[in-house]
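Following: one structure in structure tokens, then a few remarks.
The values are calculated or read from the model by the stated rules, or taken from the named source; none is laboratory data. These numbers come from a predicted model, not from an experiment. FYI the Cβ positions are ideal-geometry reconstructions off the backbone, even for glycines, and counts take in every protein chain you see. Keep in mind that these areas ignore ligands, DNA and RNA; they rest on the heavy atoms of the full protein, side chains included. Shrake-Rupley method; radii C 1.70, N 1.55, O 1.52, S 1.80 Å.
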Amino acid sequence: MTKKIEVKGQVVDDMTGEFFNMFDLASTYPKMINDILNKGDDDEDVEVDVASPGGDVFAASEIYTALMNYQGSITVNVQGLAASAASVIAMAGDKVRMSPTAQMMIHKAWTNVQGNSDDLAHASDMMDKTDQSISAAYQHKTGKSQDELLDLMKNETWITAQDAVDQGFADEIMFDDSTELQVANSIFPLPNKEKIKQAMAVLQKNNTEKKPVPNDDLRQKKLAILLQK
């Protein structure tokens, strides 16, 4: 059995999430995630599908912590946008997979504040510490330094699927097996699996279109050419 979790809509606190539920509005909140994790065995695999613009920093922290504490294996599938707080949640995956069309967005936290200069200075210090807390999740996943991550957050960085893999925010791109490692124990080099797939597709197309079948010598030459491309 695999437990399925959807991180969709805004990431909010429990009270707001239950309020949203009354109007069938999509949201993700800590109690919802914990209820799913606590069902069944506590070592079942978990799949987390993410498509969210983010939301409440501290609600995201609760969800991230719950996922990190879970005993079973967690796979995160970023299906669309994992922005802001949602990108923090995504970092809890033992394996993070990105759809080739998906993106992550990381940035510094923001808030509304009013008051005198002391209030504003206090708020600024609090926001700096919040940014450091957020960057800790990215640091744990990517191995990047906090300074580098804070700089990426300062610049509101948008990260494509390939960039996410290259920088360590994700482990693989969904539906992409072109980089599959091929291990051999042979004195002859093995043909590339992607080229085999392409050759098979051509042969199947010829059969479907009922084209004349080439003689054995010609068939072998064509196959050799396809595998060398």
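For the range 170-190, the criterion of being at pLDDT below 70, aromatic (Phe, Trp, Tyr) and in a loop (DSSP other than H, G, I, E, B) is satisfied by at least one residue. Among the residues of the range 121-142, is any open to solvent by 30 Å² or more (accessible area, probe 1.4 Å), free of Cβ contacts under 8 Å to residues at least 60 places away in the same chain and either on the phi > 0 side of the Ramachandran plot or of a type in the set (Phe, Trp, Tyr) (or both)? Checked the range 121-142: no residue is open to solvent by 30 Å² or more (accessible area, probe 1.4 Å), free of Cβ contacts under 8 Å to residues at least 60 places away in the same chain and either on the phi > 0 side of the Ramachandran plot or of a type in the set (Phe, Trp, Tyr) (or both).
Exactly one residue out of ASP35, ASP13, ASP45 is of a type in the set (D, E, K, R) and closer than 22 Å to MET127 by Cα: that is ASP13. The set of residues from the range 56-112 being open to solvent by 20 Å² or more (accessible area, probe 1.4 Å), of a type in the set (Val, Ile, Thr) and either part of a strand (DSSP E or B) or within 19 Å of GLY143 (Cα to Cα) (or both) comprises THR65, THR75.
As a summary of the residue check, SER73 satisfies the conditions (1) within 18 Å of ILE63 (Cβ to Cβ); (2) touching a residue at least 40 places away in the same chain (Cβ under 8 Å) except for the one numbered (2).
When MET32 is tested against (1) in contact (Cβ under 8 Å) with a residue 24 or more places away in the chain; (2) open to solvent by less than 50 Å² (accessible area, probe 1.4 Å); (3) over 27 Å from GLY143 (Cα atoms), just one condition goes unmet, and that condition is (1).
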